[in-house]
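Written out below as structure tokens is the structure these notes cover.
The values are calculated or read from the model by the stated rules, or taken from the named source; none is laboratory data. Everything quoted here is computed from the prediction, not taken from an experiment. Ideal geometry is used to build each Cβ from the backbone, glycine not excepted, and the neighbour counts take in all protein chains shown. Side chains are part of the model used for accessible areas, which takes the heavy atoms of the whole protein and leaves out ligands, DNA and RNA. Shrake-Rupley method; radii C 1.70, N 1.55, O 1.52, S 1.80 Å.
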Amino acid sequence: MEGVLGGGPPEAADVVVIGAGQAGLSVAWHLRRLGLEPGAGFVALDRGPDSGGAWQFRWESLRLDDAHKVDDLPGMREMGLSFATADPARPAREVVRDYYERYERWFGLNVVRPVRVTSVSDEGTGLLVATDKGDVAARVVVNASGTWARPFRPYFAGAADFRGVQVSTPEYRSAEDFAGMRVLVVGGGTSAVGFLRELEGVAASTVWATRRPVGFVDDPQAGVRAVRRADEAARAGLPLPSIISGTGLPATPENLAARDRGLLVARPMFTAIEPDGVRWADGSLTPVDAIVWATGFRSELTHLAPLRLREPGGGVRVENGRAVREPRLFLAGFGPQASTIGANRAGRAIARQVMAELGTGA
Ligand code: FAD
């Protein structure tokens, strides 16, 4: 993909978009549609080597299926492209990388990569976006940096002394890496379920531990409620709740069958990790060779630290995608927007507010 100014970021742009995953591309598309040109109008910077946001790094066996549905980006249909009709046999990471790359070209979004944003600071009249390829002066910044690089692993006594293998979701490559091992999967989300289903028959055994009891639900309103809870937390500047804790896991025939044959039956969390296994509340020990931590993610916001956005409650206050403490900063794909459908809708709402902030109307 071609960048602007010979492959590096420009020295100034009205709007800098940090990250070109679903959220960043959606914002960029809407900004373009509202009249901003790539380059002096807006520039999207991404540290990844390729298109696809975090999807380009997901494990090979992950497919777009019932559990993993990616919403189309705005304007994709006019290209004759839709994830709904993508080849279900192709790895999701390939499909998304391919479709996003074509999308960026088709709409001339000129994402500049690889460029890592290291900090955003207040320069009085504007914001200074520092990168590993030079600084960019911006009037408005849209942060769409996602969560992939910040997997969350809960603290457990003894974890450092565990003699087996420990990986978090972004490090998981394939079930074959765990062939013949006794594997503990931790976490109550879709990733954990996917890992357990892949490991069945490849690992010697699996055991599943979750913080809360697992429910398989068929409730279309569950997602709406979970998003509302995330929105309330973002508005209050509180740590964001896990979306899956509000939605439950999908009651697909595959999941229900896996539950009935004993694969997807979760135990409450263990109390300690020992060198050769985990200790449960009843005092028993399960020996394991590997622990897969599918325990969620946190927003990647360290580069925004100079703006001092953190509230005493530990979160960042965000209303309708805008940082309450810094009105020139928007957060796309954050909190209630942290899914592909949420990220998409946010793109439109944020782009309109950005145009208003620039004083050009929307
Ligand atoms: P990302 O896709 O992570 O994009 C952020 C981009 O910002 C990345 O390209 C990154 O390189 C870049 N970046 C970050 N920091 C910097 C920096 N400092 N400088 C420059 N660039 C930076 N959601 C769904 O709707 N459907 C699903 O099926 C689904 N499946 C999922 C499966 C897994 C395993 C996980 C972990 C999440 C899943 N999600 C799913 C949620 C997922 O977060 C969204 O689908 C979507 O990828 C989020 O898009 P995004 O643009 O916010 O973030």
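Some points to look at:
- Within region 111-125, tally of residues that are modelled with pLDDT of 95 or more, surrounded by fewer than 20 Cβ atoms within 10 Å (Cβ to Cβ) and of a type outside the set (D, E, K, R): 4
- Selection from region 127-149 of residues that are over 18 Å from Pro306 (Cβ atoms) and open to solvent by 60 Å² or more (accessible area, probe 1.4 Å): Lys133
- Residue in region 267-287 that is within 16 Å of the ligand (Cβ to nearest atom) and out of contact with any helix residue (DSSP H, G or I) (no Cβ under 6 Å at 6 or more places or on another chain) present: no
- Those residues of region 254-294 which are of a type in the set (Gly, Ala, Ser) and either closer than 16 Å to Gly158 by Cβ or open to solvent by 80 Å² or more (accessible area, probe 1.4 Å) (or both), in sequence order: Ala272, Gly277, Ala281, Gly283, Ser284, Ala290
- Qualifying residue in region 298-313 (condition: touching a Pro at 6+ places or on another chain (Cβ under 6 Å) and open to solvent by less than 60 Å² (accessible area, probe 1.4 Å)): no
- The strands (runs of 3 or more DSSP E) falling completely within region 165-276 that include 2 or more residues that are in contact with a Lys or Arg (Cβ under 9 Å, 6 or more places away or on another chain) map to 165-168, 205-210, 272-274.
- Output for region 152-164, where each listed residue is assigned to a loop (DSSP other than H, G, I, E, B) and either touching a residue at least 40 places away in the same chain (Cβ under 8 Å) or within 16 Å of the ligand (Cβ to nearest atom) (or both): Phe152, Arg153, Pro154, Phe156, Ala157, Gly158, Phe162, Arg163, Gly164
- For region 79-127, a residue qualifies if it is in contact with a Lys or Arg (Cβ under 9 Å, 6 or more places away or on another chain), more than 15 Å from the ligand (Cβ to nearest atom) and farther than 16 Å from Ala20 by Cα, and the qualifying residues are Met79, Leu81, Ala89, Asp122, Thr125, Gly126.
- If you go through region 33-78 and pick out every residue that is within 10 Å of the ligand (Cβ to nearest atom) and on the phi > 0 side of the Ramachandran plot, you end up with 2.
- Selection count, region 278-299, where residues are more than 26 Å from Pro170 (Cβ to Cβ) and at pLDDT below 95: 0
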